Amino acid sequence: MSEKDILVFAEHKGQSIIDATYEIISKICEVKNEDDKVGILLLGSTVDDSYIERLFRCGANTLLHYNDKLLNEYNLDRYSYVITEFIHHNKPSVLLFTATDIGMELAPKVAARLKTGLTAHITDLYFDENHNLVQQVPGFGGNLLVNIICPDKRPQLITFKPGVFEIKENCNNTKNIVSLSSPSFIPQNRIKLINSYVITESDQNEEEIFKKDIIISGGWGMKNCGDFELINKLAEKLNTAVCGTRPAYDEGWIPENRVIGQSGINVAPKIFISIGASGAMHYTTGFSGAKKVIAINKDKSAPIFEYCDLGIVADIEVFLSKLAVGMK
Amino acid sequence: MDFELNENEKMLQNMVREFAQKEIGPLVEKLDKEPYFPIDIIKRFGELGFIGIFVPEQYGGNDMGHLARIITIEEIAKVYAPLAFFFQADQLPLYAILSKGTEEQKTKYLPKLCSGEFIGAMAVTEPSGGSDPNAAQTRAEWDGNKWIINGRKAFITLAEVADVCVFTAKTDKGLTTFIVDRGTDGFNIGHRETHAGLKAIPVSEVTFNNCFIPKENLLGVEGKGLGATIATVGAIGRTVAAAIALGLSENVYEIAYKYAKERILYGKPIFELEPIKYELAQMRFIIESGRLLTYKMAWLQDKGKSPRELAEDIAIAKYVTSEGAIKVCSDAIHLLGAYGTTEEYHIINRLHDAYDLIPAGGTSDIMLLTMVN
Amino acid sequence: MNIIVLVKQIPDSEYFSKLQLDPVKHSLIREGIPAVINPADKCAIELAISLKKHHSFKVIAVSMGPEATKNSLKEAIAMGCDEAILITGKEFAGADTLATSYALSQAIIKIHSYSMVIAGNVALDGSTGQTPIQVGEFLDIPSITNINSLSYHKVDNTADISRIFRGVEQHMKVVEMPFLVTVSQNFNKPHLPSVMDIIKASKKDIVTWGIRDINADKNQCGIKGSPTETISTTIYKNEREKVVIIGADKDAVKIFVDNIKKWLIV
């Protein structure tokens, strides 16, 4: 790799590569200089060809593939070791991760091993004249926008939250794959994984949410309005997906991967409808990218009304029942 | 003069504020609509150490002092004044037994009062009046073996739920204080009062009908009860009322301020209008002056000054804050226009609370008389 | 046996929407904004205290920050920590997560003997969530983020930990100490210290350590040790229309439906 090269860590799940990886590739291709090259780092041998081909359609130039079945299962220590070994031998300018469960622990560990800078959850970025990536991040709950650079250390590490950028597949780069053999690594066995079981719906559903034009989200205010029954009915009518606040998850009305906000997911649909949530800032930051926001709450002083385009102050049950009638 | 709270007092203030907002805040709506005595919150007062905050450690208290006591009550009143009124009654017997009690009485009652296991009340006021405690008609006769009490007390806060009650009665030697335990034969709770304010705290009549009180329940010296009673009412009854009135005013000011900033008239918030600013400024002035007087009063208590020495300071603080609270509430009601007395804003409830703080510990007229001697 | 809790003092998040920038220095104006313990860190303290109660650990709270951070460390002691250490000095100012993690790990190395490090998973001001993992890396100890539960077994000095990772509930056993875990602000309900706790805490001193005390290289601390730097800060102004209707009458329903139709087309 050359010193201007961009490396993207591809996050895979079984046969597929997650959408967020393609979002990163699309965005970085949008902002890079024409002759900057984009390499994709993939660990493991399970990924299907169709997902690999999609990498090149989004703008990747080379796939750097550690096609090693020992790397099929994610392991923090093993992955960070392999990645830092790669970086030591090739010195890219930039290394990008998804801000997912994996990325949020892998990226900091790699950054510490390389003693370089890491910026998390960027909302925008561009290259300056020195090929420094200017990274825009929200701070203080989204009330501040901060521009950060990593002027001296390389690579510049960045994480992207899923659902912030669009996937654009309009390149026809040649499929250039480099097979790499992974360095030998002796794992430490200070932690033993005893057992694990899947508790949420399959990954296909997980990513569907980011494709919806309308998303409805309910909060704790639904407790005295028959829980999420009315919301689920409205979602059915509008053919949309249901999300919620963390308290909604605590009440068991939504699964964990549908929690919106700082401790959950970010969504940017055409229309975001928030019902019965007061609008705490760690929640509103989860939909700041939505084109339009509608809020329904019975308390007119609820902060959510500062973050909506259309707000309705009304008894939720009454309004939703009238809405059901009015939408027939 | 250092007008700053010290590190501990600030930590205490933050803790009580968080407690009040998180644990009392969610109950305000319900408590104003259908008032009830929230025993769970009272238990929390005991658990967190609020009740005995001025009582020495050896008797189950925290020995943090009177300024700490006032700050605690103010923060609770900022969220819900009626629950702060609990202290106005509960801390009276605590102070009385602490200052005049024998070692046995102190060890028997103080730790349980401090922990909240016991609730206390103090019965001084009679149907004939409370401003003149010496005119009590309740009699205590000594039959050689025990005291026999006959009489009636009126407007006794917490009597209905109290485990222990300090009360005054006239013996041949003069006004005397005694302790009565709940369930004592002849000691009965009468009808419940129906004040417009402070409804979450029960106030009722108390009757003594040939009630037998053992000799070890005599509190202090026979015939010397008047001084002890006035001292207790001053040190606790009035100071707590001042702290509650202060917190209540701050609560209502915040509601009015927020409303003024949000309510749009002629295209901008009414906060920008001169008369509204003026009204809010008057409220601020009452609160700031009230706070200085109240904190100074408590600070002097911590300096070891007796209630008698502090009689004027206490009276001024109580007068300014309690009369001020009524003004703050009525001004806020004016400011809110048609919303002024609606349930939604709770100000009308707070106005009722403020009116009921006036007779607590002595009416404004008594405060004025005390101020100028 | 020691448990180390990492604590960060941040501006009270209730005030985040009222933040202002100094027009000359372009830095945040912090005057008038109360400072609090980061909520997830309070949960970390609460977990450490409950382990202390059941297994007699000694709990040491560690923080890096200016002198004012002492108030938060006092609060940590009031919550039950046995000791509190503040890493402070001008050399540490302006640190990003890498420089912060370095300084914190140097302090932990100086403490030397510890079974676990517990930290909040993310601080509400910076929202990076990077520091604990980086501390774990510098200390070369295994790190498990966003745990759901932790139970320690004194009999064989192991710990059982569970967490949800990528939609899967994982159950793990730590067989060798020390290790690091992070908790979210929903992990538990931190208790309020009582008046007595506050009084006891006031009698304890906060230990302060400077750069020499923790044998830290000044080029790896503070601004000098920060690979990232902020080049500009702006207040985010949301441009929502904020049209609010009061009432659930049929006009409200019509406006709702019309807007959905209109916005879907765009």
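Which length gain, in nm to one decimal place, applies between residue A:256 and residue A:124 when the Cα-Cα distance is subtracted from 0.36 nm times their residue separation?
44.9 nm
From zero up to wherever the largest Cα-Cα distance of the stretch B:226-371 sits, split into 10 Å bins and tell me the percent of pairs in each.
13, 39, 27, 15, 6, 1, 0
Would you work out which of B:96, C:256, A:179 lies farthest towards the positive end of the dipole of the protein assembly as shown, given +1 charges on the beta-carbon of Lys and Arg and -1 on that of Asp and Glu, about the Cα centre?
In the protein assembly as shown, that residue is A:179.
If exposed trypsin sites (Lys or Arg not before Pro) are those in a DSSP loop with at most 12 other Cβ within 10 Å, what is the longest stretch of chain C that has none?
Counting at most 12 other Cβ atoms within 10 Å as exposed, the longest clean stretch of chain C is C:26-153.
Taking the stretch A:206-284, which chymotrypsin sites (Phe, Trp or Tyr not before Pro) meet the DSSP loop condition and have no more than 16 other C-beta atoms within 10 Å?
Of the chymotrypsin sites (Phe, Trp or Tyr not before Pro), not one in the loops of the stretch A:206-284 has a Cβ with at most 16 other Cβ atoms within 10 Å.
Which value in nm describes the separation of the simple spin-label points at residue C:232 and residue B:339, placed 7 Å from the Cα toward the beta carbon?
About 3.9 nm separates the two model spin labels.
Lys/Arg Cβ at +1, Asp/Glu Cβ at -1, dipole of the protein assembly as shown taken about the Cα centre: which of A:111, B:198, A:272 is farthest positive-ward?
A:111
Quote the relative contact order of chain C in percent (integer), defining contacts as alpha-carbon pairs under 8 Å separated by 6+ residues.
Relative contact order comes out at 24 percent.
Calculated FRET efficiency, residue A:194 and residue B:262, Cβ-Cβ r, R0 51 Å, to nearest 0.05?
For R0 = 51 Å, the calculated efficiency reads 0.40.
Using the Cα centre of the stretch C:2-220 as origin and beta-carbon charges of +1 (Lys, Arg) and -1 (Asp, Glu), tell me which of C:136, C:26, C:219 is placed farthest towards the positive end of the dipole.
C:136
Averaged over A:146-158, how many beta carbons belonging to a partner chain fall within 10 Å of each residue's beta carbon?
Taking all residues of A:146-158 together, the mean is 4.
Taking loop as defined by DSSP and a crowding limit of 16 other beta carbons within 10 Å, which GluC sites (Glu not before Pro) in the stretch B:99-174 fit?
B:117
In this model, which of A:109/C:173; A:211/B:22; B:33/B:108 are farther than 27 Å apart at the alpha-carbon?
Long pairs (Cα-Cα over 27 Å): A:211/B:22; B:33/B:108.
Once the Cα atoms of helix B:66-100 and of chain B are each reduced to a long axis, what angle between those two axes, in degrees from 0 to 90 to the nearest 10, is obtained?
20 degrees
Given a cut-off of under 8 Å on Cα pairs at least six residues apart, what relative contact order in percent is computed for the stretch B:90-161?
Relative contact order here is 30 percent.
Exposed loop GluC sites (Glu not before Pro) only (DSSP loop, at most 13 other Cβ atoms within 10 Å): please give the longest stretch of chain A free of them, not including the sites.
Segment A:202-328 is the longest.
State, to one decimal in nm, how far the label point of residue C:113 lies from the label point of residue B:292, with both points 7 Å from Cα in the Cβ direction.
Here the modelled spin labels are 5.7 nm apart.
In whole Hz and in residue order, list the ³J(HN,Hα) couplings for the stretch B:109-125 that follow from phi through the Karplus curve 6.51 cos²θ - 1.76 cosθ + 1.60, θ = phi - 60°; x for Gly and Pro.
My calculation for the stretch B:109-125 gives 10, 4, x, 5, 5, 5, 7, x, 5, 9, 9, x, 8, 10, 10, 10, 4 Hz in order.
Quick one: which residues, 5 or more positions from residue C:5 or on another chain, have an amide H under 5 Å from its amide H? H modelled 1.01 Å from N in the peptide plane, none for Pro or chain starts.
Long-range HN contacts for residue C:5: C:60, C:61, C:62, C:118.
Give me the three principal axis extents of the protein assembly as shown from the C-alpha atoms, as integers in angstrom, largest value leading.
Taking the Cα atoms of the protein assembly as shown, the three principal extents are 111, 68, 53 Å.
Please go through the residue pairs B:261/C:242; B:10/B:327; B:10/B:199 and name each one whose alpha carbons sit more than 24 Å apart in this structure.
From the list (B:261/C:242; B:10/B:327; B:10/B:199), the Cα-Cα distance tops 24 Å for B:10/B:327; B:10/B:199.
Report ³J(HN,Hα) in whole Hz for each residue of the stretch B:21-37, in order, from the Karplus equation J = 6.51 cos²θ - 1.76 cosθ + 1.60 where θ = phi - 60°; Gly and Pro get x.
Going residue by residue, I get 5, 7, 9, 9, x, x, 9, 4, 3, 5, 5, 6, 6, 10, x, 8, 8 Hz, with x marking Gly and Pro.
Kindly state, to the nearest 0.05, the FRET efficiency for residue A:175 paired with residue C:24, given R0 = 51 Å and r defined as their beta-carbon distance.
The value I calculate is 0.40.
Which FRET efficiency value, to the nearest 0.05, do you get for residue B:58 and residue C:53 by plugging their Cβ-Cβ distance into 1/(1 + (r/R0)^6) with R0 = 30 Å?
The computed FRET efficiency comes out at 0.70.
Hey, what do the phi angles of the stretch C:105-110 turn into as Karplus ³J(HN,Hα) couplings, whole Hz, using 6.51/-1.76/1.60 and θ = phi - 60°, x for Gly and Pro?
3J(HN,Hα) across the stretch C:105-110, in whole Hz: 5, 4, 5, 5, 4, 5.
Please list, in chain and number order, the residues 5+ apart from residue A:72 or on another chain whose amide H is under 5 Å from its amide H, with Hs placed from the backbone.
Here A:45 satisfy the definition.
Enter the accessible area per residue of the stretch B:226-371 (Å², integer; probe 1.4 Å; all protein chains in place).
That works out to 44 Å² for each residue.
Can you give me the angle between helix B:274-302 and the longest principal axis of chain B, using Cα atoms only, in degrees from 0 to 90, rounded to the nearest 10?
Taking the Cα atoms of chain B, the angle to B:274-302 is about 30 degrees.
Where Lys and Arg each count +1 and Asp and Glu each count -1, what net charge lies around residue A:22 among other residues with Cβ under 10 Å from its Cβ?
Once all neighbours under 10 Å are counted, the net charge is 0.
The values are calculated or read from the model by the stated rules, or taken from the named source; none is laboratory data. All of these numbers come straight from a predicted model, not from anything done at the bench. We place every Cβ from the backbone using ideal geometry, glycine too, and count neighbours over all the protein chains shown. Just the protein is used for accessible areas: all its heavy atoms, side chains included, with ligands, DNA and RNA removed. Shrake-Rupley method; radii C 1.70, N 1.55, O 1.52, S 1.80 Å.
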